[in-house]
Amino acid sequence: MKQTARILSTYSADTFGVCSALYELGGMVVIHDPSGCNSTYTTHDEPRWFKEPSQIFVSALTEQDAILGNDAKLIADIEAAAKELQPRFICLIPSQIAHMIATDCRAICRILEKKTGIPAFTLPTNSMHYYERGIYFALQKLADFACQSLPDASAAPEPAVSRWLSAKNLDRFLRDKSPSPLHVNVLGATPLDFALNGSIDSIRHWLEARGCRVTSCWAMGSDLDAILASHRADLNLIVSYGGLGAARILRERAGIPYLVGLPFPQLQPIDTPSNALAGRPAYIIGETVFVGSLARALETALGLPRAAITAIVPMETDSELLQPGTLCLTDECELIPRLHEAGLIIADPLYEPICPPSAAFVPLPHIAFSGRLYEKAIPNLIEAAPFAAFVQKILRTLQQNDV
């Protein structure tokens, strides 16, 4: 039966994606949900929780509230907390229960704005979609805020868009901007996809080493003011599907083009034995931009032909981000037959139980899937040394499995 998992875990929910995207921006996020759901996010999915404070709350919706409705209590609680904490904004997001009983979150936000004088908004979450969808909505809303002061750009010609990140594409933007530095926004960065292992700093350093200046990072390491001023940038770099909506708004209303991808190292190709995979497919499972970029980088590093490694995306995405051959398989019953054919599988360790023993399995933990369970084992693959070590690990695993 589709959409039923007997073995696999599930990815973090859209409500948690919103919390992760807005975590560092000084706002208040309220999940309208029964008590307990907040702790699921903070203890499993949020590695910043014990080091960096944030105003993430749950409304503690009760059964009686759900049946009879009790919006007055919700409004009073948020108002009291907002007046005490003075957040930069209030974001009220519904869970599946609030969604099913049709809580009018937009009306509640309008009331909150009048009572507190603090900007309040809601986003179309329901806890039935994955985290990337929540990040997408949250960053898209931030882009809308950043462009509010701009004149109507609907009649302006749409700038050219280069797709996947490469040194050649980046050089073209640098030449057009010379001699001034190229100001870049990094869009779609949250710990759900990028563990606190230095990978975001490595992306910043990679850009800076090529003559760029990172204007803002949505939303790790940048405050709300930096993000609201990001419409002055020259280029947006999308590092996950969650940043695509914001990039589209900034392109349409501020005229900023964008690139998509992650700057994995380009190593000297290894002479991988021609029979290493024995004619069987190789798969990487994970977030769209990450696995699409990693597949191409590993093909180069392993000396494999293009499209030798297939990316599998098991969550919401957009066709614009899919490289040729990418598979969108969201259910366990769709994944198992595909993986049964594989010679190599790179995925979160929790996928291993549905992988065949004949396949070489290389673990690559993903916080959005297995939480902080394997957090310390997540390598920073943007740096050359960890990336080279990961390539060697793949080769050793292939040799051990003798696929």
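The values are calculated or read from the model by the stated rules, or taken from the named source; none is laboratory data. None of these values were measured; they are calculated from a predicted model. Glycine gets a Cβ as well: all are built from the backbone with ideal geometry, and neighbour counts include every protein chain shown. These area figures cover heavy atoms from the full protein model, side chains too; ligands, DNA and RNA do not enter into them. Shrake-Rupley method; radii C 1.70, N 1.55, O 1.52, S 1.80 Å.
Tabulated values for the structure
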| item | result |
| --- | --- |
| Cβ-based net charge around SER222, under 12 Å, with every Lys or Arg adding one and every Asp or Glu removing one | -2 |
| Rounded, prolate or oblate (a/c below 1.5 giving rounded, otherwise prolate when a/b exceeds b/c) for segment 1-119 by Cα gyration tensor | oblate |
| Estimated inter-spin distance, GLN64 and GLU352, nm [label 7 Å along Cα→Cβ] | 4.9 nm |
| Shape of the chain, Cα gyration tensor, a/c cut at 1.5 | oblate |
| Calculated from backbone phi, Karplus (6.51, -1.76, 1.60) coupling profile of segment 308-314 in Hz, x at Gly/Pro | 6, 10, 9, 7, 10, 10, x |
| Cα long-axis angle, helix 384-401 against the chain (0 to 90 degrees, to the nearest 10) | 60 degrees |
| Pairwise centroid distance, computed over Cα atoms, of segment 189-216 with segment 1-62, Å | 24 Å |
| Amide H partners (placed H, <5 Å) of ILE346, local residues excluded | TYR283, ILE284, ILE285, VAL362 |
| Gyration tensor (alpha-carbon) shape descriptor, segment 268-403, a/c threshold 1.5 | rounded |
| Between segment 223-270 and segment 78-93, the Cα center-to-center distance that results, in Å | 29 Å |
| Accessible area per residue, Å², segment 40-85 with all protein chains present, probe 1.4 Å | 59 Å² |
| Listed residues LEU74, LEU350 arranged by accessible area, highest first, probe 1.4 Å | LEU350, LEU74 |
| Per-residue ³J(HN,Hα) for segment 119-133, Karplus 6.51 cos²θ - 1.76 cosθ + 1.60, θ = phi - 60°, Hz, x for Gly and Pro | x, 10, 8, 10, 9, x, 9, 8, 6, 9, 10, 8, 4, 4, 5 |
| Helix 244-254 axis, angle to the chain major axis (alpha carbon atoms, nearest 10°) | 70 degrees |
| Helix 199-208 vs. the chain, principal-axis angle (Cα, 0 to 90°, nearest 10) | 80 degrees |
| Hz values of 3J(HN,Hα) by residue in segment 297-307 - Karplus curve (6.51, -1.76, 1.60), Gly and Pro given as x | 5, 5, 4, 5, 5, 8, x, 9, x, 4, 6 |
| Cα-projected label distance for ASN401 with LEU267, points at 7 Å along beta-carbon direction, nm | 1.8 nm |
| Nearby lysines by direct alpha-carbon distance to LYS73 (threshold 28 angstrom, same-chain neighbours under 8 apart not counted) | LYS83, LYS114, LYS115, LYS141 |
| Cut-off 15 Å between beta-carbons: net charge of the residues surrounding ALA138, Lys and Arg +1, Asp and Glu -1 | -4 |
| Cβ charges +1 (Lys, Arg) and -1 (Asp, Glu), total dipole of the chain, debye | 820 debye |
